[in-house]
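A quick write-up on the structure given underneath.
Every number here is computed from the coordinates shown, using simple stated rules; none is lab data. What you are looking at is a predicted structure, and each value in this text was computed from that prediction instead of being measured. Note that each Cβ is placed from the backbone with ideal geometry, even for glycine, and that neighbours are counted across all protein chains shown.
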Amino acid sequence: MSFPNHRPRRLRTTPAMRRLTAETRLAPADLILPAFIREGLIEPSPISSMPGVVQHTTESLKRAAAEAVELGVGGIMLFGVPAVRDAQGTASLDPEGVLNKAIRDVKAEVGDDLVIMGDVCLDEFTDHGHCGVLDSDGYVDNDATLEIYGRMAVAQADAGAHVLGPSGMMDGQIAVIRQALEESGHKNTAVLAYAAKYASAFYGPFREAVDSQLKGDRRTYQMDASNRREAILEVELDLEEGADMVMVKPAMSYLDILADVAAMSPVPVSAYQISGEYAMIEAAAANGWIDRRGAITESVLGIKRAGADTVLTYWASELAGWLKES
Ligand code: PBG
């Protein structure tokens, strides 16, 4: 094929022309806001490695959720930081525990106007910081953990979550959670599977955000950064087990994975622009090295262009505000 008369610059001549011919568009509804709530806080507490992000109190979380609704944001993903931790992560099952209570409070505030999601994982609740319980060798015990995930899922569904986000990368977690939901009468509670979640250095700031107790790493359960085709296996398994949506995480260093998953997935695909991705752009912008708004917008657009239907980003509300203006 040859296009002798084609001059691609014609479609770039004016802002209106570029807008008309844009292949990818961002909308507030594509965005999901991850939010942290910490038990016992009196004032919101800043997270130093994530400037602009806080650990919320109940009141500030409710305000953030209401603001997200105003701005047209699609959903909110809640993470709880409990006051007391133990080896089994017991506080995750308590109906009055920090995360279950936060789900109930946010639901009371915004009802069905925002999709309310809960993180189904033990790392915030265990005193060793792992995403599951440990066996006598200190290895994360897959099947003992699944049993707790099932009960955690029911507690979050009871609290009113619309969607559950299992992020612990245990084998079989979607099947166990789906079965627990069916048996407890939560047929309409959906599961967003963290299907292809990689062990990543870019989770660093999140560890501060949840006061993580982890020593060591999660390499025996999260995926290895070297692997590409394995992501397809993980997604296929989660689909077979009943995942309603699937996620790739992190986002920016894994856009090839995202494109692969988007090409094969029959269900909506999310990508999580994680804490370290946020921190890098904020740090460079704070130094005056990049244009903050331009870099944020381009980073999320790139994730969407690679194939994400929805993007979890700590800039969800701010970006939604910009999108509404323009
Ligand atoms: C585990 C979980 C993590 C993140 C979300 N869920 C941490 C981890 O896997 O180490 C990281 C999110 C981020 O870095 O923004 N519950």
Furthest towards positive pole of dipole, Val311, Thr14, Asn287, structure part the chain, Cβ charges: Thr14
Dividing the mean separation of Cα pairs under 8 Å (6+ apart) by the residue count of the range 25-325 yields a relative contact order in percent of 20
Looking at the range 203-246, which trypsin sites (Lys or Arg not before Pro) are in a loop (DSSP not H, G, I, E or B) and have at most 16 other Cβ atoms within 10 Å? Lys215, Arg219, Arg228
If the elastic network links every pair of Cα atoms under 10 Å, which of Leu258, Leu239, Leu134 fluctuates the most in the Gaussian network model of the chain? Leu134
What percent do you get for the relative contact order of the range 141-183 when only Cα pairs under 8 Å and 6+ apart count? 55
Dipole of the range 72-200, positive end: most advanced residue of Ser184, Ala155, Ile116 [Cβ charges, Cα centre]: Ile116
Which distance in Å, rounded to a whole number, links the C-alpha centroids of the range 278-326 and the range 98-163? 28
Using each residue's phi in the range 34-49, evaluate 6.51 cos²θ - 1.76 cosθ + 1.60 at θ = phi - 60° and report the 3J(HN,Hα) Karplus result to the nearest Hz, with x for Gly and Pro. x, 9, 10, 10, 10, 5, x, 6, 9, 10, x, 10, x, 9, 5, 7
From Cα pairs below 8 angstrom and at least 6 apart in sequence, can you work out the relative contact order of the range 30-99, rounded to a whole percent? 40
Placed amide H near Val115: partners under 5 Å, 5+ positions off or other chain: Gly75, Ile76
P(r) over all Cα-Cα pairs of the range 25-325, 20 Å bins from 0 to the longest distance, whole percent per bin, short to long, reads 36, 61, 3
Just order 70-79, 110-119 by mean Cβ neighbour count inside 10 Å, highest at the front, would you? 70-79, 110-119
For the chain, what is the mean residue ellipticity at 222 nm derived from helices alone (per DSSP H run of n ≥ 4: -39500 (n - 2.57); sum divided by total residues; nearest 500 deg cm²/dmol)? -12000 deg cm²/dmol
Of the chymotrypsin sites (Phe, Trp or Tyr not before Pro) in the range 125-176, those whose Cβ has at most 14 other Cβ within 10 Å and which sit in DSSP loop: Tyr139
Of Pro44, Pro34, Pro250, which is the most mobile in a GNM of the chain whose springs link Cα atoms less than 10 angstrom apart? Pro44
Among Ser167, Ser184, Ser275, determine the one that fluctuates most according to a GNM of the chain built with springs between C-alpha atoms less than 10 Å apart. Ser184
Filter the cross-link list Lys197/Lys324; Lys249/Lys304; Lys101/Lys304 down to pairs whose alpha-carbon distance in this structure exceeds 21 Å. Lys197/Lys324; Lys101/Lys304
